[in-house]
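Notes follow once the structure below has been shown.
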Amino acid sequence: MVKANWLKGALIAGAALIASAAAAADLKLAVSSPISSVDPHYQNLVPNNAVAAHIFDTLVMMTADAQIVPGLAESLKPINDTTWEVKLRKGVKFHDGSDFTADDVVFSLDRPVTVVKSPAPFTIYTR
């Protein structure tokens with residue numbers, strides 16, 4: 001999930017990786033094509049999503065055999081056609097030590113529509 005200050009944290013983490021990698025060794029990541037952004041909501045492309053999967057957690061994940069399994073969500077239950085009950089995993093913390101809450105989920109679901117000039121937005125998944 002994405003926290004409102006995700007970019008600051010991502011930049012700090014990236015700078016730390018670059019600084020430590022430069023001192024120790026090169027850091028190489030193989031992707032099918034160059035990434036266009038580390039913003040997890042900017043552009044829905046395979047290389048971007050592959051990198052994001054190493055940085056950000058999701059409510060649910062998909063197994064190799066296409067089964068949906070819990071991620072940050074302990075469980076999901078449909079209430080009606082447009083409403084789901086999501087129970088969040090307890091004890092999850094952000095990099096800054098703050099707790100993961102339902103407000104963070106709401107922020108992450110509301111954010112894609114606010115991303116300016118996204119060439120391949122995630123809004124199809126968050127309407």
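Couple of notes before you dig in:
- Amide H within-cut-off set for ASN44, under 5 Å, with H built and near neighbours excluded: ALA120
- Extension gain for VAL60 to THR82 (0.36 nm times residue separation, less C-alpha to C-alpha distance): 6.2 nm.
- Extending 7 Å from the Cα toward the beta-carbon at both ASP103 and ARG89 defines two label points whose distance is 2.2 nm.
- With the simple model of a label 7 Å out from the Cα in the direction of the Cβ, ASP26 to ALA50 spans 1.8 nm.
Values in this text are rule-based calculations from the coordinates and carry no lab data. Quick caveat, the model's predicted, so the values are computed rather than measured. Reconstructed Cβ throughout: ideal geometry from the backbone, glycine too, with neighbour counts over all protein chains shown.
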